[in-house]
Amino acid sequence: MADEDEIREQMIDAFEDADYPISSPMDLVPALPNGPGTKFESGDFSMTAMELNTKTSGGDFPYDEPEAFVDDIIDDLKDQGEL
C-alpha cells in the first residue's frame, strides 16, 4: 500500500524548484530531476511525471506554490483509486 505522505513529499521535492507561478504542467518539466521520467514511488504505487499528466486532470492552473498543485494531484489520484 502506498504512503500518501511519502508521495506528497516526493512530489513537493520534485516540483518546488519550478518557476512559480506555473500556468501548465509543461512549466514543471525543467524543474524535474529526470524530466517527464521522474518517478514517484511508495509501496505498490509507482508513476512517472508523464503518467501523472495523462492519468490526472492536471490540476486547476495557475498555481503559486508547489503544495497547492500537489494537493490537487493527490486528491485526483485518490478520486481515481490510485492512492
Checklist line | Alpha carbon Rg of the chain, scaled by the compact-globule rule 2.2 N^0.38 Å | finding: 0.97
Notebook entry, point to check: Simple spin-label model, 7 Å along Cα-to-Cβ: ILE12 to VAL29 in nm?
Noted result: 2.7 nm
Check: Could you give the length gained on full extension between GLU51 and ALA68, defined as 0.36 nm per residue of separation minus the Cα-Cα distance, in nm?
Finding: 4.2 nm
Checklist line | Residue-by-residue Karplus 3J(HN,Hα) for the range 75-82, coefficients 6.51, -1.76, 1.60, Hz, glycine and proline x | finding: 4, 5, 4, 5, 4, 8, x, 7
Notebook entry, point to check: With each run of n ≥ 4 DSSP H residues scored as -39500 (n - 2.57), what mean residue ellipticity at 222 nm is computed for the chain after dividing by its residue count and rounding to the nearest 500 deg cm²/dmol?
Noted result: -12000 deg cm²/dmol
Item checked: Separation in nanometres of the label points that stand 7 Å from Cα toward Cβ, at ASP19 and ASP75 -> 2.8 nm
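Read-outs throughout are calculated quantities, based only on the coordinates presented, and are distinct from any laboratory measurement. Remember, predicted model here, so these are calculated numbers, not experimental data. A quick note on method: Cβ atoms are made from the backbone with ideal geometry, for glycine too, and the neighbour counts reach across all protein chains shown.
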